[in-house]
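Undergrad: Have a look at this one before I ask anything.
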Amino acid sequence: MAKVAPDGLITALDIGSSKVSAMIAKKGDGGELIVLGTGQRESRGVKRGYIADMAATEAAVREAVEQAERIAGLNIEDVWVGFSAGGLVSDVAEVEFELGGHRVEQGDIDALLTAGRQSIDPQGRMVLHAQPALYTLDGLTGVKKPLGLHADRLGVHIHVVAADGSPVRNLDLCVRSAHLEVRSIIAAPVATGLACLSEEERELGVALVEMGAGITNVSLFAGGMLVGLHSLPMGANDITDDIASAFGTRRQQAERMKCFHGSANASPRDNHDMIPVMPIAAEDDEHAGVQITKAQLIGVIRQRLDYQMGEVRKALTQLKFEGPVGRQVVLTGGGAELKGIADYAQQALGRSVRLGRPRGLTGLPEAHGGPAFATLAGLAFYAAADPVDLRTVAPTGQTVHRPSGMGLFRKLIQAARANY
């Protein structure tokens with residue numbers, strides 16, 4: 001019989017377009033995260049990251065969580081949920097006020113954060129994160145602990161992530177309908193960055209490309225925080241659909257063909273390797289299957305990849321990811337499990353590319369150690385850190401100065417270039 005979950009337990013829930021996955025973990029004595037149980041179910045009610053069928057998604061959530069509970073031998077009540085749908089936007093706000101040269105006290109920091117809450121302008125969207133990232137003292141950026149230092153001016157950079165309200169509310173309702181309490185809804189790029197990127201990478205500047213089943217999120221990290229985000233309504237499922245359409249077979253077989261025989265790179269022997277295909281119209285006749293060359297399959301995959309990587313390249317350009325800072329790209333998500341994708345992306349983007357896998361988790365099953373589970377692992381890391389969120393701070397009448405987020409982003413890029 002399952003036991004009631006003890007205090008300090010973390011349950012992460014990632015609801016994607018292809019799968020719903022859950023993870024139960026706890027903090028070890030040394031602060032490490034220990035995985036107690038995982039669960040996974042096919043996602044049938046999610047399209048492009050949005051919930052399109054409440055009942056089907058709720059059933060998948062229940063089954064994934066129940067599987068994790070059985071493995072862990074525990075019953076859980078609340079979850080940290082990832083949100084990856086389009087409509088995510090990221091900005092960096094700056095709040096600053098005069099101190100007059102005295103030492104920074106906790107009251108000053110509290111007042112600054114309280115004032116920071118007022119500077120957030122979601123422009124009709126729902127705020128998912130409003131977190132103090134770095135402090136400034138007399139214009140010096142990158143101060144992590146200003147307490148006790150003298151300054152004439154104290155400021156803070158606030159990392160804000162917002163999303164369209166209705167999809168977030170639908171996600172919340174779906175999870176609560178499965179009799180689970182929602183601790184918090186986390187933007188997927190924020191979580192994934194914690195699982196895949198080192199602290200140094202986030203400081204120097206790196207692009208994280210999450211190739212999900214229905215959504216590709218291109219996010220930029222610099223100065224230790226997320227400073228830019230662009231969502232593309234495309235993903236690995238589009239490759240599967242192209243294969244199914246090109247060879248007249250079912251999506252399920254097309255997915256198997258992509259996983260077992262597909263590749264992002266071609267070789268001369270691909271013209272000689274044959275792959276059996278069962279067309280939909282010939283399923284009643286077991287002898288009616290046809291064969292295609294591996295080269296034909298890769299040709300279909302490459303055509304879609306060429307388009308998707310072209311859109312990723314445009315997104316990186318729009319985010320001003322260029323120069324010395326724009327050299328490192330980390331590729332993750334289920335689409336990053338395609339054979340040869342890192343080498344292909346490196347040529348297509350003209351940048352150094354590596355695969356991002358979850359790391360730093362003890363007891364993580366090998367089957368859940370690939371790029372497809374990076375967001376799930378990141379949710380657990382986020383929950384363990386439980387960072388300060390300005391949405392819980394009471395409002396105040398303090399007057400603040402707020403430069404544009406993009407202006408700050410440019411300052412971060414310039415600082416990174418200067419230190420490169």
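The values are calculated or read from the model by the stated rules, or taken from the named source; none is laboratory data. Source: prediction; values computed, not measured. Positions of Cβ are generated from backbone atoms using ideal geometry, with glycine treated the same way; all protein chains shown enter the neighbour counts. Note: areas computed on protein heavy atoms with side chains; ligands, DNA, RNA excluded. Shrake-Rupley method; radii C 1.70, N 1.55, O 1.52, S 1.80 Å.
Undergrad: Out of the residues in the stretch 67-104 that are more than 22 Å from ASP386 (Cβ to Cβ) and among the small types (Gly, Ala, Ser), which is most open to solvent (accessible area, probe 1.4 Å)?
TA: Applying the filter and picking the extreme gives GLY100.
Undergrad: Give me the pairs, please: first residue somewhere in the stretch 164-185 and within 12 Å of VAL81 (Cα to Cα) and touching a residue at least 40 places away in the same chain (Cβ under 8 Å), second residue anywhere and buried (at least 16 other Cβ atoms within 10 Å of the Cβ) and polar (S, T, N, Q), beta-carbon distance under 6 Å, and either six or more positions apart or on two chains.
TA: What qualifies is CYS174/THR57.
Undergrad: Separate question: What are the pairs with Cβ atoms under 9 angstrom where one residue, in the stretch 242-260, is on the phi > 0 side of the Ramachandran plot and the other, located anywhere, is buried (at least 20 other Cβ atoms within 10 Å of the Cβ) and outside any helix (DSSP H, G or I)? Sequence gap at least six, or different chains.
TA: Every condition considered, the pairs that remain are GLY248/VAL277.
Undergrad: Out of the residues in the stretch 287-309 that are more than 16 Å from ASP343 (Cα to Cα) and hydrophobic (A, V, I, L, M, F, W, C), state the one that is most open to solvent (accessible area, probe 1.4 Å).
TA: Filtering the stretch 287-309 for residues that are more than 16 Å from ASP343 (Cα to Cα) and hydrophobic (A, V, I, L, M, F, W, C), the one most open to solvent (accessible area, probe 1.4 Å) comes out as VAL290.
Undergrad: State whether the residues of the stretch 5-20 include one that is at pLDDT 85 or above, assigned to a strand (DSSP E or B) and touching a His at 6+ places or on another chain (Cβ under 8 Å). Step through it out loud before you land on a result.
TA: Keep residues of the stretch 5-20 that are at pLDDT 85 or above, which gives 9-20.
With the extra rule that they be assigned to a strand (DSSP E or B), the set shrinks to 9-15, 19-20.
Subsequent filtering for residues that are touching a His at 6+ places or on another chain (Cβ under 8 Å) retains none.
Checked the stretch 5-20: no residue is at pLDDT 85 or above, assigned to a strand (DSSP E or B) and touching a His at 6+ places or on another chain (Cβ under 8 Å).
Undergrad: Kindly indicate whether any position in the stretch 112-124 is polar (S, T, N, Q) and surrounded by fewer than 16 Cβ atoms within 10 Å (Cβ to Cβ). Before you say what the answer is, go through the steps one by one.
TA: Within the stretch 112-124, the first condition is being polar (S, T, N, Q), and the residues that meet it are 114, 118-119, 123.
Within this subset, residues satisfying the condition of being surrounded by fewer than 16 Cβ atoms within 10 Å (Cβ to Cβ) are 123.
Yes, the stretch 112-124 contains at least one residue that is polar (S, T, N, Q) and surrounded by fewer than 16 Cβ atoms within 10 Å (Cβ to Cβ).
Undergrad: Further question: What do you reckon, is ALA25 part of a strand (DSSP E or B) and either under 22 Å from the mean Cα position of the chain (by Cα) or touching a residue at least 24 places away in the same chain (Cβ under 8 Å) (or both)?
TA: yes
Undergrad: Of all the strands (runs of 3 or more DSSP E) wholly in the stretch 253-368, which have at least 1 residues that are of a type in the set (Gly, Ala, Ser) and either at pLDDT below 90 or farther than 30 Å from VAL92 by Cβ (or both)?
TA: Numbers: elements: 274-277, 290-293, 328-332, 352-355.
Answer list for the stretch 253-368: none.
Undergrad: Separate question: Could you say whether any residue in the stretch 313-323 is in contact (Cβ under 8 Å) with a residue 40 or more places away in the chain, of a type in the set (A, V, I, L, M) and open to solvent by 10 Å² or more (accessible area, probe 1.4 Å)? It would help to see each step written out before you state the result.
TA: Just the residues of the stretch 313-323 that are in contact (Cβ under 8 Å) with a residue 40 or more places away in the chain, to begin with: 315-316, 318-321, 323.
Those left that are additionally of a type in the set (A, V, I, L, M): 315-316, 319.
From the residues that got through so far, the ones that are open to solvent by 10 Å² or more (accessible area, probe 1.4 Å) too are 319.
Scanning the stretch 313-323, I find at least one residue that is in contact (Cβ under 8 Å) with a residue 40 or more places away in the chain, of a type in the set (A, V, I, L, M) and open to solvent by 10 Å² or more (accessible area, probe 1.4 Å), so the answer is yes.
Undergrad: It is to be established whether one or more residues within the stretch 233-241 are crowded, with 18+ Cβ neighbours inside 10 Å, in contact with a helix residue (DSSP H, G or I) (Cβ under 9 Å, 6 or more places away or on another chain), small (Gly, Ala, Ser) and in a strand (DSSP E or B).
TA: No - not one qualifying residue is present in the stretch 233-241.
Undergrad: Considering each of ALA60, ALA64, ALA52 in turn, give the residue that is out of contact with any helix residue (DSSP H, G or I) (no Cβ under 7 Å at 6 or more places or on another chain), under 23 Å from GLU210 (Cα atoms) and open to solvent by 70 Å² or more (accessible area, probe 1.4 Å).
TA: Numbers: ALA60 fails: open to solvent by 70 Å² or more (accessible area, probe 1.4 Å); ALA64 fails: open to solvent by 70 Å² or more (accessible area, probe 1.4 Å).
From the options ALA60, ALA64, ALA52, the qualifying one is ALA52.
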